[in-house]
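Student: Next up is a structure, given as structure tokens.
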Amino acid sequence: MVKLPQLSEALKSTWNICEDCGEAHGLPISTPTGLGSVLCIPCYTQHLLWHAAHGQLEALVSPIVGAWASHWMKSGVPFRELLGIVTDLAGTDLDFDSTRGYHARALRRLSRMHPAPTEVPDRAPALRTVLTPDDFPTLVEYRPAAPDQGISQPYFVDDGGEAVVLFPTMDTLVILQPDGTHLLIVTGYAGKTTVSANGPTSLYVPPRLWEQVDAVLNPV
């Protein structure tokens, strides 16, 4: 067992002057870059902030620059020309002092042109929808596509005589009723919880038409 006085002496020996500011005591700690340093708390916090800013900029810029380079190389622009554009925009063709001045001016200008939002956006109200199944239209007829008549896709007709068009991109909730009828509720489109004002939101599908509805929603 280590005696308390010995432990106290061992702890004293681990303290050292911060290698960044040289004005406070710190403990050995691994920095985000993987290197070990003796840092005080404020300096270590600055290391974390710098590392986060660096990583975020790389994550934001890399896909854009990569897509830009890929697009124009496929379009026939030689790589050396693209490299020249990047060099020109980055100012890396200048001497060291000129480059730093160019970067400083560009960074300040861009930060003024694209300031961070200062207002917190209003939170969208929760979507509350009340469904009354008795009011749902019932599909009564299936009509296949007729390209020669300008009808490019199949559609249905409801009990009110209205044409109903369904798409594979519809997100749906299907509730099977005891009589075999399917209650079809459209919850959105392609993963987005927004329902078209012109499209169906809910339908009764009789058993005899479910096969055609399922084929439209889930094409092979």
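The values are calculated or read from the model by the stated rules, or taken from the named source; none is laboratory data. All values derive from a computational prediction rather than experimental measurement. As a convention, Cβ positions derive from the backbone with ideal geometry for all residues, glycine included, and neighbour counts pool all protein chains shown. Areas reflect the complete protein model, heavy atoms only, side chains present, ligands, DNA and RNA absent. Shrake-Rupley method; radii C 1.70, N 1.55, O 1.52, S 1.80 Å.
Student: Determine whether ARG100 is part of a helix (DSSP H, G or I) and open to solvent by 50 Å² or more (accessible area, probe 1.4 Å).
Tutor: Criteria met by ARG100.
Student: What pairs come out if I take residues in the range 173-191 that are closer than 16 Å to TRP210 by Cβ and pair them with residues that are small (Gly, Ala, Ser) and surrounded by 10 or more Cβ atoms within 10 Å (Cβ to Cβ) whose C-beta lies under 6 Å away, six or more apart or interchain?
Tutor: ILE185/SER202
Student: Here's another thing I want to ask about it. Quickly run through the range 96-155 and pick out the residues that are among the basic types (Lys, Arg) and under 28 Å from the mean Cα position of the chain (by Cα).
Tutor: ARG108, ARG109, ARG112, ARG123, ARG128
Student: Sticking with this one: Step by step: first the residues of the range 189-215, then only those that are of a type in the set (A, V, I, L, M, F, W, C) and farther than 17 Å from VAL157 by Cβ, then the one that is modelled with the highest pLDDT. Which residue is that?
Tutor: Residues of the range 189-215 that are of a type in the set (A, V, I, L, M, F, W, C), as a first pass: 190, 195, 197, 203, 205, 209-210, 213, 215.
Right, trim to farther than 17 Å from VAL157 by Cβ and you get 190, 195, 197.
Working: ALA190: 72, VAL195: 53, ALA197: 48.
Filtering first and then ranking leaves ALA190.
Student: Moving on. Does the range 69-85 hold any residues that are open to solvent by less than 70 Å² (accessible area, probe 1.4 Å) and assigned to a helix (DSSP H, G or I), and which are they?
Tutor: Matches in the range 69-85: ALA69, SER70, LEU82, GLY84.
Student: Is it the case, given these coordinates, that ALA106 is over 30 Å from LEU173 (Cα atoms), assigned to a helix (DSSP H, G or I) and open to solvent by less than 100 Å² (accessible area, probe 1.4 Å)?
Tutor: It is true that ALA106 is over 30 Å from LEU173 (Cα atoms), assigned to a helix (DSSP H, G or I) and open to solvent by less than 100 Å² (accessible area, probe 1.4 Å).
Student: Name the one entry in GLY91, GLY76, GLY101, GLY160 that is in contact (Cβ under 8 Å) with a residue 12 or more places away in the chain and within 27 Å of VAL61 (Cβ to Cβ).
Tutor: Sole residue among the options that is in contact (Cβ under 8 Å) with a residue 12 or more places away in the chain and within 27 Å of VAL61 (Cβ to Cβ): GLY91.
Student: What is the number of the single condition among (1) of a type in the set (Val, Ile, Thr); (2) surrounded by 13 or more Cβ atoms within 10 Å (Cβ to Cβ); (3) under 32 Å from the mean Cα position of the chain (by Cα) that THR181 does not meet?
Tutor: (3)
Student: Being in contact (Cβ under 8 Å) with a residue 60 or more places away in the chain and either in a loop (DSSP other than H, G, I, E, B) or of a type in the set (Asp, Glu) (or both) is the filter here; which residues of the range 112-134 pass it? Outline the logic, then answer.
Tutor: Let us first name the residues in the range 112-134 that are in contact (Cβ under 8 Å) with a residue 60 or more places away in the chain, namely 127, 131, 133.
Answer for the range 112-134, where residues must be in contact (Cβ under 8 Å) with a residue 60 or more places away in the chain and either in a loop (DSSP other than H, G, I, E, B) or of a type in the set (Asp, Glu) (or both): LEU127, LEU131.
Student: Still on this structure: Determine whether the range 130-137 contains at least one residue that is closer than 30 Å to LEU183 by Cβ, touching a helix residue (DSSP H, G or I) at 6+ places or on another chain (Cβ under 6 Å) and surrounded by 12 or more Cβ atoms within 10 Å (Cβ to Cβ).
Tutor: Scanning the range 130-137 turns up no residue that is closer than 30 Å to LEU183 by Cβ, touching a helix residue (DSSP H, G or I) at 6+ places or on another chain (Cβ under 6 Å) and surrounded by 12 or more Cβ atoms within 10 Å (Cβ to Cβ).
Student: Given PRO168, PRO154, which one is open to solvent by less than 60 Å² (accessible area, probe 1.4 Å) and in contact with a helix residue (DSSP H, G or I) (Cβ under 8 Å, 6 or more places away or on another chain)?
Tutor: PRO154
Student: Could I ask something else about it? Would you check which residues across the range 138-147 are loosely packed, with under 10 Cβ neighbours inside 10 Å and either at pLDDT below 85 or in contact with a strand residue (DSSP E or B) (Cβ under 6 Å, 6 or more places away or on another chain) (or both) and list them?
Tutor: Initially, the range 138-147 is screened for residues loosely packed, with under 10 Cβ neighbours inside 10 Å, giving 144, 147.
Within the range 138-147, just PRO147 meets the criteria.
Student: I've got another one for you. Any residue in the range 112-126 that is β-branched (Val, Ile, Thr), open to solvent by 60 Å² or more (accessible area, probe 1.4 Å), within 21 Å of THR187 (Cβ to Cβ) and out of contact with any Phe, Trp or Tyr (no Cβ under 7 Å at 6 or more places or on another chain)?
Tutor: Within the range 112-126 (the criterion being β-branched (Val, Ile, Thr), open to solvent by 60 Å² or more (accessible area, probe 1.4 Å), within 21 Å of THR187 (Cβ to Cβ) and out of contact with any Phe, Trp or Tyr (no Cβ under 7 Å at 6 or more places or on another chain)), the answer is no, since none of the residues qualifies.
Student: Going by what's in this entry, would GLY66 be described as open to solvent by less than 80 Å² (accessible area, probe 1.4 Å), of a type outside the set (Val, Ile, Thr) and part of a helix (DSSP H, G or I)?
Tutor: yes
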